[in-house]
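Written below as structure tokens is the structure these notes are about.
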Amino acid sequence: MSRDYPDEPADEFSRPPRTVTDREGRDVELLSADATDRESVLEMYLSFDPADRAQGIPPAREAAIDDWLDTILGDETYNVVAVNEHSVVGHATLVPDRHGEHELAIFVLQAFQGAGIGTELVETLLGLAQSAGLEKVWLTVERWNDAAVALYKKVGFETTSAESFEIEMSIRL
Amino acid sequence: MDILLGVGGSELSYYALEETIERAQETGDEVTVALFHNEEVNSDVDEIQARVEETLSETGFEATVRRLDGERAGSELVSVAESEGFDRIVLGGGERSTLGKIQLGSIVEFVLLNAQTPVTLIR
């Protein structure tokens with residue numbers, strides 16, 4: 001089954017590194033990240049609120065988080081972290097699927113939610129993807145997660161399948 | 001208990017078969033294995049049947065094996081369970097993407113939403 005993508009490519013997105021101020025007035029740096037940033041990313045997931053998990057990720061136990069980080073910080077992945085006062089408070093990742101397309105996921109610590117960081121993270125990650133020459137990015141999101149669906153639409157994702165528990169969305173870069 | 005186990009050829013459906021056999025060997029449940037084509041994994045019912053029968057003979061477990069007709073496997077499972085008085089439907093499902101997100105396939109979703117009998121999802 002092949003995935004649908006919008007015909008038209010998206011505009012250029014901002015690329016990392018950059019600094020933004022969130023709606024609470026906090027300065028947040030958006031930085032490209034890789035396996036060398038593993039410790040600081042792990043710290044964030046260890047303090048992640050279990051209630052904010054979606055579709056089984058991030059995993060709950062530390063050993064499972066560790067395995068999962070091998071995947072999302074592995075070869076051919078693209079990562080951007082949001083850093084405030086030397087701590088990672090948000091993380092967005094692109095992981096290649098079997099078709100050479102990339103799946104996106106994003107996580108923001110509860111204290112930094114609702115302040116615009118998620119949108120900045122996704123846009124900056126897509127900017128990184130554009131600089132790497134990626135063309136096809138997709139994601140799934142739970143149907144009842146209105147905030148996330150609205151965020152992805154604002155960034156430029158289009159819904160490609162809404163027949164299931166999860167909505168599938170995609171963007172062409 | 002009379003169990004209707006649906007197997008459509010995904011890896012998780014074979015895992016559900018093994019788990020169901022293991023449990024039934026302890027509880028004495030009667031198991032009917034319903035084979036169906038799942039276009040999401042592009043499965044072949046002959047191949048599924050061969051693998052199911054191999055697993056049954058390896059474990060020495062006796063179960064009824066039958067094929068579901070019709071295009072809509074989810075609907076068939078629900079109506080067989082109801083019309084023949086099964087106590088429970090068991091399905092494997094909830095595949096993970098490379099990134100790790102769990103996604104339910106359309107057959108599992110249909111059965112979860114429409115079955116009048118209890119449903120066990122093994123993942």
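A few comments on the model shown:
- Cβ pairs under 7 Å, 6+ apart, first in the stretch A:51-62 and within 13 Å of chain B (Cβ to nearest Cβ), second part of a loop (DSSP other than H, G, I, E, B) and modelled with pLDDT of 90 or more: A:ALA54/A:ASN145; A:GLN55/B:LYS101; A:GLY56/B:GLY100; A:GLY56/B:LYS101; A:ILE57/B:GLY100; A:ILE57/B:LYS101; A:PRO58/A:PHE48
Let's see how each residue does on (1) within 21 Å of A:GLU123 (Cβ to Cβ); (2) of a type outside the set (Lys, Arg); (3) in contact with a helix residue (DSSP H, G or I) (Cβ under 6 Å, 6 or more places away or on another chain); (4) modelled with pLDDT under 95:
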residue: A:GLU39; (1), (2), (3), (4): no, yes, no, no
residue: A:ASP49; (1), (2), (3), (4): no, yes, yes, yes
residue: A:GLU62; (1), (2), (3), (4): no, yes, no, yes
residue: A:ASP70; (1), (2), (3), (4): no, yes, no, no
residue: A:VAL80; (1), (2), (3), (4): yes, yes, yes, no
residue: A:SER87; (1), (2), (3), (4): no, yes, no, no
residue: A:VAL95; (1), (2), (3), (4): yes, yes, yes, no
residue: A:PHE107; (1), (2), (3), (4): yes, yes, no, no
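- Taken together, the criteria exclude A:THR71 from residues that are over 24 Å from A:GLU166 (Cβ atoms) and surrounded by fewer than 17 Cβ atoms within 10 Å (Cβ to Cβ).
- Filter pass, B:VAL90 being more than 9 Å from chain A (Cβ to nearest Cβ) and assigned to a strand (DSSP E or B): yes
- Members of the stretch A:1-37 that are at pLDDT 95 or above, surrounded by fewer than 18 Cβ atoms within 10 Å (Cβ to Cβ) and basic (Lys, Arg): A:ARG18, A:ARG23, A:ARG26
- Candidate set: the stretch A:1-47, residues that are within 14 Å of chain B (Cβ to nearest Cβ) and part of a loop (DSSP other than H, G, I, E, B); chosen: the one farthest from the chain's Cα centre (by Cα): A:MET1
The values are calculated or read from the model by the stated rules, or taken from the named source; none is laboratory data. Small disclaimer: the values here were computed from a predicted structure and weren't measured. Reconstructed Cβ throughout: ideal geometry from the backbone, glycine too, with neighbour counts over all protein chains shown.
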